[in-house]
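J.: After the structure tokens below, expect a handful of questions from me.
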Amino acid sequence: MIPLPPSNGLTAKCRCSSRDWSPPALLLEAAADDDGLILMLIDAFSADTDARIERMREALAASDLPRIRSEAHTIKGGAGQMGADAVADACRELEVASNRNEASLIAPYLNRVQELFGEVREAMASYADARKMESSVTP
């Protein structure tokens, strides 16, 4: 059972800054420390999440709460695998609000998901840039 979100507002806080994201151990293990694969996964996560946030905005305009819940659920899973825990937490809250038909909370939760995603995407881009620079310097 998914715990209910607090009644006094949004709780998900970004646990990263634009300088400190790194792939979680499980991802590093699965990628066998292959920087190229990790960079491809970062790109895929970013593009997929952008598209899903856009679809949630469209669903919000159409008051399609089941679609919002479905998209939030999918982002939550990907964010968890990529080490974007704050995004996953915010998506969980969005999912719960959608399940409970709390339409007045959907826009603020969606805005929070987008804000946190922007922060983690910046952090991932910084990580990717650093890895690319290291590989171009290493013979």
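Residue-wise test of (1) modelled with pLDDT under 95; (2) surrounded by 23 or more Cβ atoms within 10 Å (Cβ to Cβ).
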{"site": "Glu95", "(1), (2)": "no, no"}
{"site": "Ala107", "(1), (2)": "no, no"}
{"site": "Leu110", "(1), (2)": "no, yes"}
{"site": "Val120", "(1), (2)": "no, yes"}
{"site": "Met133", "(1), (2)": "yes, no"}
{"site": "Ser136", "(1), (2)": "yes, no"}
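J.: Continuing with the same structure: List the helices (runs of 4 or more DSSP H) inside the stretch 20-90, counting only whole elements, that have at least 3 residues being touching a residue at least 12 places away in the same chain (Cβ under 8 Å) and touching a Cys at 6+ places or on another chain (Cβ under 6 Å).
T.: Result: 65-82.
J.: Out of the residues in the stretch 106-124 that are touching a residue at least 60 places away in the same chain (Cβ under 8 Å) and among the hydrophobic types (A, V, I, L, M, F, W, C), which is nearest to Arg55 (Cα to Cα)?
T.: Ranking the candidates gives Val113 first.
The values are calculated or read from the model by the stated rules, or taken from the named source; none is laboratory data. Note that this is a predicted model, so its numbers are computed, not measured. Glycine gets a Cβ as well: all are built from the backbone with ideal geometry, and neighbour counts include every protein chain shown.
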